[in-house]
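Notes for the one structure printed next.
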There are 2 protein chains.
Amino acid sequence: MAQQANELFENFDQLTPSEFFRKNKQMLGFTGKIRSLTIVFHELITNSFDASEEAGILPDIDIELKRVGKEHYILRHKDNGPGIPEDYVMQVYCQMFAGSKFRNIQSRGQQGLGCSGCVLLSQMTTGQPARVISCYKEGDEIKGVKMKFKMDVKKNQGLLMEREDYPAESTGVCIELQFKEVSYTLAEQGAFEYIRRTMIGNPHAKITFKDPSGHKYIFKRAANITPVLPKEVLPHPKGVSADDIHFMAKHSDKRRYKSMLTSSLSRMSSKKVDEIAEITGIDMNKSPKSMTFQEAEAIVNCFKKMKFMAPPTDGLIPIGSEQIEKGMKQILKPEFVTTITRKPVTYAGGVSFIIEAGLAYGGDSGRIVNEQRKSEIMRFANRVPLTFDAGSCAITEALKSIDWKRYGLKDLDNTPLTLFINIISTQVPYLSTGKQSVSPEPEIVHEIRQATMKLARKLQKHIRAKKAAKEKEKRSKVFEEYVPVIIEEAAKLGETGVPEYHEVLAKVTKRALAELLGEKVEDDDEEEEELDAIIMEEVDEFGHTVERNQSALDNFDEKNEDEEESEE
Amino acid sequence: MAQQANELFENFDQLTPSEFFRKNKQMLGFTGKIRSLTIVFHELITNSFDASEEAGILPDIDIELKRVGKEHYILRHKDNGPGIPEDYVMQVYCQMFAGSKFRNIQSRGQQGLGCSGCVLLSQMTTGQPARVISCYKEGDEIKGVKMKFKMDVKKNQGLLMEREDYPAESTGVCIELQFKEVSYTLAEQGAFEYIRRTMIGNPHAKITFKDPSGHKYIFKRAANITPVLPKEVLPHPKGVSADDIHFMAKHSDKRRYKSMLTSSLSRMSSKKVDEIAEITGIDMNKSPKSMTFQEAEAIVNCFKKMKFMAPPTDGLIPIGSEQIEKGMKQILKPEFVTTITRKPVTYAGGVSFIIEAGLAYGGDSGRIVNEQRKSEIMRFANRVPLTFDAGSCAITEALKSIDWKRYGLKDLDNTPLTLFINIISTQVPYLSTGKQSVSPEPEIVHEIRQATMKLARKLQKHIRAKKAAKEKEKRSKVFEEYVPVIIEEAAKLGETGVPEYHEVLAKVTKRALAELLGEKVEDDDEEEEELDAIIMEEVDEFGHTVERNQSALDNFDEKNEDEEESEE
């Protein structure tokens, strides 16, 4: 009855990564019909963006989704990126865990899983091969190749079925995949909304999308700026673990601890290494290959006690507030829009990040649910829309914690408002495996709150100004209606003719109104005006209005300006 | 400036599964200090259970957790399972995606990831090797080996450091691992609570646990039954995809479609295959290797239209209501406990599952939060406690949807109650990658509701009976106090002596009370009594009490009995 160990191990087997994910496709985000298709769009678009930008090309993507049966689609995705050299095509699309993105760089993509995941899903649901045309430069020549292949799941590699030369004119990749058991909708989590949000986060891109009904949407480039290439940034000493240092040492080609440390970490000078040697007593002239884990631990513990310059931030490329504004205007055609890009700060001791935010009001802002326009939150990480798992995300948490009533928004849910939040970092702390939500690190939540409150304040001013303008119009009408009557009556009483009063009236009306409404001369310095507004509203614990002197405000100058967080 | 494709692909690389998970340890459930340690306990315990049971051995596990520094622990985990043959030891503990559990069998474990994940975490946080002693039978001999090894992440395999023979007396594995950056607590999501819940779901097991303070907990075996071996069950035709059939065909050693289908699927007779041939027009004598995806699709579409017997359920081994009761009594020492094991049913057309539930009230039931006893929900899948991601789980959803007030529980949260729910299936539809929550399939939610409502009804009866007993005692005291006085006074009036009345009084009191309280003679058939209770309470739309005749009740006999789901 009882089996022996060797019998139990008869079936012992090693799965390939492809076999593993064939059985666990939910680990790639493929759960549900709508979500699965959205994830496919996400993987192909981010891959095209990353490739184009790395090659210094403005992305221009053509997508066509054809419905060929119930829940059966053909997706054609074409980009103008640098292309993939023939030898790598099947590796990119059929080999799980193969990729070129294992550096400490701000990039959108997953780690060699995204594209092959799409091919796997296509094959699992339709049995159809992938069709790829890749055009790429080799020297001065543009080469083109057209391939048809399947994924050999048992071997985790491609299985070529057809190959021919292709007459290339420009570089780029075109991939055609078939899918079943997926579904295209206009819902918030659907593929169309994914493209719409992508365009807000990437106004330098162009996407043409032909949907299953044959309708062609052209999302035009809102900003004609060639994006700055993201740089590889060396990890900061405060952001590495003992295992990282140990791993770096074991695979380093340097001859000494010293050179290994200065070349692998940012802000690590020879002087700093000498300091570490002194504190830890470790000989920094030894070969990295000989480093023990205990030494790595001692070094990292030493990092924790030392002071380093903040990590370099030139690896962080924000979208930029102007660009965000262009993107939001292009897509949402709002009545009012305001955006902000905060200065870089760090979380977890040494990982730098930037928060960008945008707020659009009116026009096509918000989402229509049951024929009513509601507010919407668009979450992004490194410009990629986060579509799922909103509940536990730092962005959701930060926005929920804001007292919106303070900004005159009594019913946020039913306001025609789009809030855009983007976190830029080489190491976004994702919570979920599908990279759909950001861990609520205190520093991140704080920055999102601050950015959003500044925008909310501006919206409040806009709404107030709008009200005031209406009031002005109303009062102006009163003047315009009654003043002529008064003048005419006065003329009758004075037995004189009615004078030419229109021009004078206009001037007087304007001045009188300005006084009535307590308006000042237009002020160009918005920041200062806003601080005034805050100070004027500030009230101390005893209910007395508090006045701060100007010198206290000077502190705001060189850091991220924080809104008051008064909790009632 | 613009880089060419071949330059961009200079860094193209292939990661091993170990390298991948080293960078993505959250995919293995290792997030947070408390959760990480709980996951380690989970992986090692489930692995021991699965191995012991497959070998027909009652599990007996010894765990010791020593604190050797701040957030630095040594974990020793020893089982009495069949052991691991020497050749497989490093594969089990160092090779990701290697395992013996790739069959359609009810098992707890992950797919060749769990144990190697623990070794990886140990190595990443401490740099220490794993120490393993494995004792296993080979023929009539028991062999023993003691090994010390690390994981070579770049190669996804073990790196042997020391090895010696070990004088084995009985079979089993003992593994010692060190961890840093983890934390042991008594919190709900901590390691201790994990063991406690494990014991409720596995009353046939014994666990001895020595905690970091040196306290030794012995969780005794509550039920001395050798567990039935789970059987491999062939997939049901209604539960397979075209890709599954295609994959089976490509890797089948049968000569014809017909024999491939009958040998790979349950409920698939030759007659059924002939039926498929007739409907689809596919020649069933062809070689499986030649099967196209289109044919596989046609076959699966045909399955959908055909009728099959329900899947065999002998692969499903529930804990059994008696065993659950023993487990709950052992751990919770409750005032009242009731349990149920429902009959097997299916979800998604063809995947069978069983719901088991237990309810304990009073005693140590519930959890003490801020010195107040609160109700608690214990979720299990195939006897494994589900500790995280409760929010989206079918079990949580089902229990929340129940109208507890109907069962006399006005404030469920503050009731000393433990609810135990276990779902048994060869294919538990997990929602999250960490296998911590069950997808709310309608059939599953329905079954959990029904099981729980039946238990709630019994608790209601218990609480009512308790109240009635108190009332009885009170009234009985009234009789006992006043009747003697009356008798004595009557004796005085009648000028006779006081008769020997005690025995008679007791009888009379009991009968009179029974009448007063409207009690019936004790009924052994609980089921019928309960149906009566339901029917007696049923009221039609007009507010009239409805009486159903007995024949309508006969339908309850051979299926899972459903509670009425009246929504007010």
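Quick notes on this one:
- The lone criterion from (1) crowded, with 21+ Cβ neighbours inside 10 Å; (2) within 21 Å of A:A168 (Cβ to Cβ); (3) facing another protein chain (nearest Cβ under 8 Å) left unmet by A:G56 is number (1).
- Failed criterion for B:S476 (all others in (1) open to solvent by less than 70 Å² (accessible area, probe 1.4 Å); (2) over 23 Å from the mean Cα position of the chain (by Cα); (3) under 22 Å from B:G358 (Cβ atoms) hold): (3)
- Restricting attention to the range A:102-138, the residues that are touching a Leu at 6+ places or on another chain (Cβ under 6 Å), at pLDDT 95 or above and not hydrophobic (A, V, I, L, M, F, W, C) total 1.
- Scanning the range A:460-497 for residues that are at pLDDT 90 or above and touching a Phe, Trp or Tyr at 6+ places or on another chain (Cβ under 6 Å) yields A:Q460, A:H462.
- Residues that are within 16 Å of A:K435 (Cα to Cα), open to solvent by 30 Å² or more (accessible area, probe 1.4 Å) and under 22 Å from the mean Cα position of the chain (by Cα) within the range A:1-53 comprise A:R35, A:N47, listed in sequence order.
- Number of the exception - B:I175 against (1) over 22 Å from B:F30 (Cβ atoms); (2) crowded, with 19+ Cβ neighbours inside 10 Å: (1)
- Just one residue in the set B:A451, B:A394 is small (G, A, S), buried (at least 23 other Cβ atoms within 10 Å of the Cβ) and within 29 Å of B:G114 (Cα to Cα); that residue is B:A394.
- The number of residues in the range B:159-181 being in contact with a helix residue (DSSP H, G or I) (Cβ under 8 Å, 6 or more places away or on another chain) and more than 13 Å from chain A (Cβ to nearest Cβ) comes to 3.
- Of all residues in the range B:384-403, those that are farther than 12 Å from B:Q436 by Cα have Cβ atoms under 7 Å from Cβ atoms of residues that are at pLDDT 90 or above and among the basic types (K, R), 6 or more apart or on another chain, in B:A398/B:R449; B:S401/B:R449; B:I402/B:R449.
- In the range A:59-76, the residues that are within 14 Å of chain B (Cβ to nearest Cβ) and open to solvent by less than 40 Å² (accessible area, probe 1.4 Å): A:P59, A:G69, A:H72
- Elements of the type helices (runs of 4 or more DSSP H) sitting completely within the range A:183-284 and holding at least 2 residues that are in contact (Cβ under 8 Å) with a residue 12 or more places away in the chain and over 30 Å from A:E356 (Cα atoms): these cover A:242-250, A:257-264, A:270-280.
- Annotation for the range B:2-16: no member residue is more than 9 Å from every other protein chain (Cβ to nearest Cβ) and of a type in the set (G, A, S).
- Residue match in the range B:298-310 (condition: surrounded by 13 or more Cβ atoms within 10 Å (Cβ to Cβ), in contact with a helix residue (DSSP H, G or I) (Cβ under 9 Å, 6 or more places away or on another chain) and farther than 19 Å from B:G350 by Cβ): no
This table checks each residue for (1) hydrophobic (A, V, I, L, M, F, W, C); (2) in a loop (DSSP other than H, G, I, E, B); (3) crowded, with 23+ Cβ neighbours inside 10 Å.
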position: A:K329; (1), (2), (3): no, no, no
position: A:G358; (1), (2), (3): no, no, yes
position: A:R379; (1), (2), (3): no, no, yes
position: A:K410; (1), (2), (3): no, yes, no
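- Criterion: of a type in the set (A, V, I, L, M, F, W, C), within 20 Å of B:G127 (Cβ to Cβ), within 30 Å of the chain's Cα centre (by Cα) and open to solvent by less than 40 Å² (accessible area, probe 1.4 Å) - qualifying residue of A:L265, A:L316: A:L265
- Looking across the range B:360-377, the residues that are of a type in the set (D, E) and open to solvent by 60 Å² or more (accessible area, probe 1.4 Å) come down to B:D364, B:E371.
- The set of residues from the range B:381-408 being of a type in the set (S, T, Y) and not in a helix (DSSP H, G or I) comprises B:T387, B:S392, B:S401.
- So B:I423, is it crowded, with 20+ Cβ neighbours inside 10 Å, out of contact with any Ser or Thr (no Cβ under 7 Å at 6 or more places or on another chain) and part of a helix (DSSP H, G or I): no
- From the list B:I142, B:I133, the one residue that fits, being open to solvent by 30 Å² or more (accessible area, probe 1.4 Å), more than 30 Å from the chain's Cα centre (by Cα) and among the aliphatic types (A, V, I, L, M), is B:I142.
- For the range A:331-354, the set of residues classified as more than 14 Å from the chain's Cα centre (by Cα) and in a loop (DSSP other than H, G, I, E, B) consists of A:K333, A:P334, A:E335, A:K343, A:P344, A:A348, A:G349, A:G350, listed by residue number.
- Test: residue in the range B:77-90 that is assigned to a loop (DSSP other than H, G, I, E, B), more than 8 Å from chain A (Cβ to nearest Cβ) and buried (at least 22 other Cβ atoms within 10 Å of the Cβ): yes
- Failed condition for A:G139, given (1) more than 11 Å from chain B (Cβ to nearest Cβ); (2) out of contact with any strand residue (DSSP E or B) (no Cβ under 7 Å at 6 or more places or on another chain); (3) of a type outside the set (A, V, I, L, M): (1)
The values are calculated or read from the model by the stated rules, or taken from the named source; none is laboratory data. The structure presented is a predicted model; accordingly, all values stated were derived computationally and were not measured. Every residue, glycine among them, receives a Cβ derived from its backbone with ideal geometry; neighbour counts consider all protein chains shown. Quick note on the areas: whole protein, heavy atoms, side chains included, nothing else; ligands and nucleic acids left out. Shrake-Rupley method; radii C 1.70, N 1.55, O 1.52, S 1.80 Å.
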